[in-house]
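> Below is the structure I would like to discuss, written out as structure tokens.
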Amino acid sequence: MTPVTTTLVIQNCLAGGFEHNIASTSRLIEQAAETGSRLIVFPEMNLTGYTARSEIRDMARPVDDLLLSTFSEMTEKYNVSVLLG
């Protein structure tokens, strides 16, 4: 069995702050990879920010090609696996 260094992220995700949360997530992926992590796990709803109120419908975003390519490129560049919420 090969050990895998894993990073579990505790992130201050701003509700409705999609662009801010993407930038923060990208920085955290880079930092974790630089410390040798190969699996990086983020909290649920880390990109949209968490709220239990009705405005969650307005904050929801589709998973589009730009979002996928942004994180796909990072996983290839740093040779990591990432779980995003």
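The values are calculated or read from the model by the stated rules, or taken from the named source; none is laboratory data. Nothing here was measured: the structure is a model prediction, and the numbers come from that model. So basically every Cβ, Gly included, is an ideal-geometry build from the backbone, and we count neighbours across all protein chains shown. Keep in mind that these areas ignore ligands, DNA and RNA; they rest on the heavy atoms of the full protein, side chains included. Shrake-Rupley method; radii C 1.70, N 1.55, O 1.52, S 1.80 Å.
> Where the only charges are on Cβ atoms (+1 Lys, Arg; -1 Asp, Glu), what is the dipole of the chain about its Cα centre, to the nearest 20 debye? Kindly include the intermediate steps, with their values, before the conclusion.
Details: 6 positive and 10 negative charges, 46 e Å.
I would put it at about 220 debye.
> How large is the accessible surface per residue of the chain, computed with a 1.4 Å probe and reported in Å² as a whole number?
Details: 5750 Å² over 85 residues.
Spelled out: the 1.4 Å probe surface of the chain, per residue, equals 68 Å².
> Considering Cα pairs under 8 angstrom that are at least six residues apart, work out the relative contact order of the chain and quote it in whole percent.
Numbers: 110 pairs, mean separation 33.2, N = 85.
Value for the chain: 39 percent.
> Another one. Let me know the charge dipole size of the stretch 8-58 about its Cα centre in debye, to the nearest 20, where only the beta-carbon of Lys, Arg (+1) and Asp, Glu (-1) is charged.
On the way: 4 positive and 6 negative charges, 21 e Å.
I would put it at about 100 debye.
> So, one more: Using bins 5 angstrom wide from zero, how does P(r) for the chain break down, in % of all Cα pairs?
All Cα pairs considered, the percentages come to 3, 14, 26, 23, 18, 9, 5, 2, 1, 0.
> Continuing with this model, one more query. Using alpha carbons only, how many degrees (0 to 90, rounded to 10) separate the axis of helix 18-34 from the longest principal axis of the chain?
10 degrees
> Further question on the same structure: Through the Karplus equation 6.51 cos²θ - 1.76 cosθ + 1.60, θ set to phi - 60°, convert the phi angles of the stretch 2-15 into ³J(HN,Hα) values in whole Hz; use x for Gly and Pro.
Karplus values, whole Hz, x for Gly and Pro: 9, x, 10, 6, 10, 10, 9, 8, 9, 10, 7, 8, 7, 4.
> Sticking with this one: Please sort by residue number the chymotrypsin sites (Phe, Trp or Tyr not before Pro) in the stretch 4-73 whose DSSP state is loop and whose Cβ has at most 16 other Cβ atoms within 10 Å.
On the way: sites: F18, Y50, F71; in loops: Y50.
Those that pass, being in a loop and sparsely packed, are Y50.
> OK, next. Be a star and scan the stretch 45-85 for residues whose amide nitrogen sits under 12 Å from the point 7 Å along the Cα-to-Cβ vector of V4.
80-83
> Taking loop as defined by DSSP and a crowding limit of 10 other beta carbons within 10 Å, which trypsin sites (Lys or Arg not before Pro) in the stretch 1-57 fit?
Working: sites: R27, R38, R53, R57; in loops: R38, R53.
Filter output for the stretch 1-57: R53.
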